[in-house]
Every structure is written in structure tokens, then in C-alpha cells.
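Since the structure comes first, as C-alpha cells, the remarks are kept for the end.
The values are calculated or read from the model by the stated rules, or taken from the named source; none is laboratory data. Because the structure is predicted, anything quoted here is derived from the model rather than measured. Cβ coordinates were reconstructed from backbone atoms using ideal geometry, including for glycine residues, and neighbour counts include every protein chain displayed.
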Amino acid sequence: MPRMLDVSDDVRAEIGDEEADRLLAGENAPGSYDCTSCRTPGDSEQERTSTVLFIGEETAVLAFAHATCLPSQVVQVTEEQLQGAVRSITGQESVTGHERPGPAEAMPEQAVLGVTSGLVLLGGELHPALVVEPTGPIARPGTTGGDGDDFLPLLIEQGFMPLPQLTEVPPVLHGWSVLLAMGQLHAVLQPGTGGGSPVAWWQAHQPLQVTDSWRQAANKHQQVLLFAAPVGSIGRQPREDLLREALDKAAANGKLVAAAMPLAGT
């Protein structure tokens with residue numbers, strides 16, 4: 001039966017009209033799936049679902065996401081990232097060719113950073129916050145990964161502070177900033193190497209909308225609080241009170257780091 005799929009023009013151009021039409025007709029699309037953004041279950045028969053095409057140098061993998069998490073889009077990744085992601089699900093040593101995989105190969109436990117915006121109450125004031133949780137374990141650069149997750153140690157080395165409880169605003173992390181332009185969230189910037197221009201640590205595939213109250217709080221404080229937790233610690237929370245509960249739980253479990261970052265833009 002037809003699926004509630006969104007197939008963007010960019011995705012259609014890559015996979016072709018015939019394949020796109022088959023997806024929309026339900027021939028090649030799964031009913032249920034794990035969202036490639038938040039990693040929670042979705043159902044393309046019951047809710048709007050985005051098709052997300054990850055493209056490496058030689059390989060392409062079609063994934064599915066809640067339309068509320070990600071728009072349908074094409075995402076360029078390195079071949080190494082894509083090969084590793086495909087191996088994690090199929091056990092294959094390599095994948096070659098530019099084939100359009102079917103739903104059995106739908107996307108990876110690839111480490112993509114999921115970002116949620118919300119307001120957090122600290123010291124009697126509402127502060128604009130971003131909550132970052134990867135979709136999979138993060139390996140230290142230059143290592144092969146394995147069962148470990150170095151996400152929090154890597155951030156602590158960058159200056160993020162472990163947060164045992166949410167009682168006060170974390171210290172400012174100098175050199176980092178949150179880019180807000182035209183009222184939309186564009187990127188989290190980190191210092192460039194050798195004192196060069198800032199570079200994107202995280203960048204939205206397309207600018208993310210934030211609420212008026214979040215933007216007003218950001219303009220008031222001229223900074224944004226960034227909380228980060230390893231995969232599985234926060235989850236996809238539909239309301240700010242539930243997000244706060246998840247943050248408190250992650251902090252109590254020693255799985256939360258944070259920093260305050262100046263606001264770049266308006």
C-alpha cells in the first residue's frame with residue numbers, strides 16, 4: 001500500500017523517477033523502520049517519513065527518518081563512513097558500486113549528531129539550550145572503534161564540563177559559538193586549527209527552525225547552553241518537561257557534559 005513518504009527533488013534526481021515512484025507506491029519502502037536521526041521506531045504507513053540518501057564516493061544507502069526529525073535530503077559522507085556503517089548491519093567486508101540499496105540495508109548505526117532545541121530552567125531563569133546526542137557510539141579519530149564510546153571523553157578534552165546535576169549555568173567554552181541567522185539555527189562552531197577561522201563542529205543540513213521563545217531567550221542571554229550525552233541517554237522527547245527529566249537522569253548517571261557558548265548572529 002502507498003506510504004506516507006517524502007521524496008525530495010534531490011533524492012529523486014539521485015535514485016531516478018522509477019525508483020522514487022516505487023518507494024511512494026510502497027513497493028520498496030518498509031512499513032516500520034528505525035529513524036536514522038533519533039533511532040526510535042517509525043511507521044511509514046502511519047506518519048510522514050523522509051527518505052534520506054547517504055552518498056559516499058562509490059556507495060549510496062537509502063535511509064528513513066521521521067519527517068519531524070529530518071527533511072528528505074541527500075547527505076554526502078565519506079566512503080569509509082558509509083562502508084563501516086553498512087558493515088555494521090550486514091557483516092559484509094565491502095560494498096562496491098553505486099547501487100540503490102533496498103530497505104534491508106536501510107541506514108546504519110552511523111554516528112550522526114542529533115540536535116534538539118529547548119528551554120531549560122536554571123536559577124529561576126529560562127535558558128536556550130541545545131541537546132546533542134549521537135545516533136551511535138563515537139570512536140576516537142584514528143581508531144577502529146569497537147565497543148567503546150569516546151564521545152564524552154573527547155568533549156571533556158575540548159573543554160566541556162561534566163555535569164552531575166542541572167543546578168547552574170555551565171562555564172563559557174571560549175572559541176565555540178552557536179550560529180543563529182535569520183532566526184534559524186545553522187551550526188555549532190568550534191575553533192579552527194592553528195588559530196584559524198572557526199569551523200563547524202555540527203552543521204544543519206538545512207537551517208532548523210527554533211521557537212520564538214527560544215530565540216528571545218537566546219537574544220536576552222546572548223549565549224546558548226549546549227548539553228551533550230552519549231547515544232541512548234536522552235532519546236527523542238516531544239516536550240520540554242520530558243527533555244528536562246531525561247537531562248536530569250543523564251546527569252545523575254554521569255552521562256552529561258555541558259558548556260555555555262556565545263551566540264553568533266541574531
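Of the numbered criteria (1) crowded, with 16+ Cβ neighbours inside 10 Å; (2) out of contact with any Ser or Thr (no Cβ under 8 Å at 6 or more places or on another chain); (3) at pLDDT 90 or above; (4) closer than 19 Å to Pro134 by Cα, the one Gly254 fails is (1). Being within 16 Å of Pro128 (Cα to Cα), in a loop (DSSP other than H, G, I, E, B) and not aromatic (Phe, Trp, Tyr) is a description that applies to Val169. Of all residues in segment 213-266, those being closer than 23 Å to His186 by Cα, in a loop (DSSP other than H, G, I, E, B) and of a type in the set (Gly, Ala, Ser) number 2. Considering segment 189-224, the residues that are under 13 Å from Met261 (Cβ atoms) and aromatic (Phe, Trp, Tyr) include one that is nearest to the chain's Cα centre (by Cα), namely Trp202.
Looking at Glu99, Glu133, which one is part of a strand (DSSP E or B) and either assigned by TED's automatic domain parsing to the domain that holds Cys35 or modelled with pLDDT of 55 or more (or both)? Going through Glu99, Glu133 in turn, the sole match is Glu133. Which members of segment 174-188 meet the condition of being within 15 Å of the chain's Cα centre (by Cα) and of a type in the set (A, V, I, L, M, F, W, C)? Hits for segment 174-188 are Leu185, Ala187, Val188. Identify, please: which residue in segment 40-88 is of a type in the set (S, T, N, Q) and either in the same structural domain as Ala204 (by TED's automatic domain parsing) or under 21 Å from Pro137 (Cα atoms) (or both) and is, among those, modelled with the lowest pLDDT? Checked segment 40-88; the qualifying residue modelled with the lowest pLDDT is Ser88. Against the list (1) aliphatic (A, V, I, L, M); (2) at pLDDT 80 or above; (3) more than 24 Å from Ala200 (Cα to Cα); (4) in a loop (DSSP other than H, G, I, E, B), the condition Ile138 fails is (3).
Would you say Trp202 is part of a helix (DSSP H, G or I), at pLDDT 80 or above, under 21 Å from Cys69 (Cβ atoms) and among the aromatic types (Phe, Trp, Tyr)? No: the conditions fail for Trp202.
Cβ-Cβ distances below 7 Å connect the following pairs, each with a first residue in segment 56-69 that is buried (at least 24 other Cβ atoms within 10 Å of the Cβ), a second residue that is acidic (Asp, Glu), and a separation of six or more residues or different chains: Val61/Glu105.
Residues of segment 102-125 that are modelled with pLDDT of 90 or more and farther than 24 Å from Trp202 by Cα: Leu121, Leu122, Glu125.
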